[in-house]
Amino acid sequence: MMKVSRLALLAVLLLAGACSHKREQSADAPEAMPPSELAPPPEPPGPPPAELWKEFSGRRAFAHVKKLVDFGPRPSGSEALERARKYIVDSVRGAGWQVVPQEFIDRTPRGPVTFVNLIARYGNSDSPQRIIIASHYDTKIFDTIKFVGADDGGSSTGALIELARVLALDPGLARRVELVFFDGEEAVVQFGPGDGLYGSRYYAHVLRETARNRQFKCGVLWDMIGPSDLNITLPTDSPPEMARDIFAGADSLGVRKNFSYFRGPMLDDHVPLNESHIPTIDLIDFDFVYWHTADDTLDKLSPESLRVVGEVTLYCLRRMPWL
Ligand SMILES: [Zn+2]
């Protein structure tokens, strides 16, 4: 995640929009579903739990984060990220979701890089998805430190894998959700108009090109949600109604103390979605003192924090008029 001033943000957005048509699109085929993927997911054994949010396991989410961290540093284009990708795909498919890789090549300050977003949808219903829930799964590349991104890249991705399992307990809700694992959130050298947010910019670009952006009512981004002393700092560019509902949901679940406002806007993967007219909120703890250091390791995180974010998100999905 990076933060910038409003002016810089505007410049980046203008440039990002201007550059987006230059991206290679040949490998993109988010709608192409191989026949083996079309089998209906297994139906859960009973009716959806009345309090679905209570099914979210911080312990399970944490175990996924540990698996991801065990792959080591996972920058875009690396073999470690390929292994992480396979782990995500296998886990999410195992919960009954179809996963479509969205591959593209973009120029970076270190040369062309192949990026792969992962898009997961539940079942083969014709009804369109209405809400995007996303995380980035790459970690920032460093030449001088070993950066495993337990929180930055790991925490939200592990939690999103667990969310896929819980949503599958309520197929009617799951079919309305599109889960997206973004590649290339991190800048390859230093964040700027052409460096960073590669995956979300491309995903949003394709949504606009195909007019699929119109089918979505909103989006929720998770990023850096695992610190033991969790303080979700909602950016000031959050859609106001969604921020209000997140605070209300947290209040209802007795975890309001873990949520506050950040002192400004953020430049993160929610921005390209907001620019595509999909109101998207970024649930992020940007008070994390180990951000982009070698100390962003598993011991700084807690399953409880992952559970709090998972529960509040699920509670809002069930209780709030977002869908
Ligand atoms: Zn980062």
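No lab work stands behind these numbers, since they all come straight from the coordinates. Since this is a predicted model, take the numbers as computed values, not measurements. For neighbour counting, all protein chains shown are included, and Cβ atoms are generated from backbone atoms with ideal geometry for every residue, glycine included.
Hey, Tyr202 hits all of (1) within 30 Å of Pro49 (Cβ to Cβ); (2) more than 16 Å from the ligand (Cβ to nearest atom); (3) in contact with a Lys or Arg (Cβ under 7 Å, 6 or more places away or on another chain) but one; which does it fall short on?
Among (1) within 30 Å of Pro49 (Cβ to Cβ); (2) more than 16 Å from the ligand (Cβ to nearest atom); (3) in contact with a Lys or Arg (Cβ under 7 Å, 6 or more places away or on another chain), Tyr202 violates only (1).
Limited to segment 140-150, what total is found for residues that are of a type outside the set (A, V, I, L, M, F, W, C) and either away from the ligand (no atom under 12 Å from the Cβ) or under 13 Å from the mean Cα position of the chain (by Cα) (or both)?
Residues in segment 140-150 being of a type outside the set (A, V, I, L, M, F, W, C) and either away from the ligand (no atom under 12 Å from the Cβ) or under 13 Å from the mean Cα position of the chain (by Cα) (or both): 3 in total.
Would you please name the residue that is farthest from Lys66 (Cα to Cα), looking only at residues in segment 151-163 that are within 12 Å of the ligand (Cβ to nearest atom) and in contact with a helix residue (DSSP H, G or I) (Cβ under 7 Å, 6 or more places away or on another chain)?
Filtering first and then ranking leaves Asp151.
Scanning segment 164-195 for residues that are of a type in the set (D, E, K, R) and in contact with a Lys or Arg (Cβ under 9 Å, 6 or more places away or on another chain), which turns out nearest to the ligand (Cβ to nearest atom)?
Applying the filter and picking the extreme gives Glu186.
So which of Phe147, Phe62 is in a loop (DSSP other than H, G, I, E, B), farther than 18 Å from Ala168 by Cβ and touching a residue at least 60 places away in the same chain (Cβ under 8 Å)?
Step by step, each of Phe147, Phe62 is checked, and only Phe147 is in a loop (DSSP other than H, G, I, E, B), farther than 18 Å from Ala168 by Cβ and touching a residue at least 60 places away in the same chain (Cβ under 8 Å).
Based on what the data block shows, is Arg107 part of a helix (DSSP H, G or I) and either within 16 Å of the ligand (Cβ to nearest atom) or not aromatic (Phe, Trp, Tyr) (or both)?
no
Here's a check for you: in segment 243-258, which residue that is in contact (Cβ under 8 Å) with a residue 24 or more places away in the chain and not hydrophobic (A, V, I, L, M, F, W, C) is farthest from Met320 (Cα to Cα)?
Applying the filter and picking the extreme gives Asn258.
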